[in-house]
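Take a look at the structure below.
Coordinate-derived values only; no laboratory data. No experiment lies behind these values; they were computed from the predicted model shown.
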């Protein structure tokens, strides 16, 4: 299991390959989140961020067969079309891999301490949390 | 008792600092009580910690509800709802 909160970009292909090296694994589901057409800065709470992601992954492991998993979330300055976040889950079968991957993303959105500040023509503004994200996380309860 | 309080994102900007030590009065032993103590400091604190503002809190780096206990030496963080991912 790998959890990384980093400034640097990541290579999804390399990360997927790294968790596929086991003949019992039949499925790897992955997700990549991208910056839309804005410049932004991502702030986080060092220490708590890693801890929160570990808890989310632990919860996913208790619900589905997760044989390996990688979560990478970037912080700092990001440009349009940059990669922000990736989740990859390796499992025996696709159902568990898909569900665990989506669950981890939904919980990341509401539980991991990251905040986006967008640079717009009118100046910088903090992005407000969406109730749709809370609803997405709640449906797993 | 003393606790370390951290602020993040828009809250950090409104308060004008990212961390401080707070001496809590006897009886203020929950996150809600600490929040109310901070609101009572007036100025930027009064607006930032107003009951109308939606804030989340963490004690020792775990997200907690307002009823959570706070004890001497704890690291208590306040921040707006998160927007990562």
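At a glance:
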| read-out | value |
| --- | --- |
| Principal-axis tilt of helix A:94-111 within chain A, Cα atoms, nearest 10 degrees | 30 |
| Shape call, the protein assembly as shown: gyration tensor on alpha carbons, a/c limit 1.5 | prolate |
| Cα gyration tensor, the range B:2-79 - rounded (a/c under 1.5), prolate or oblate | rounded |
| Cα-based helix-to-principal-axis angle, A:48-63 vs chain A, degrees rounded to 10 | 30 |
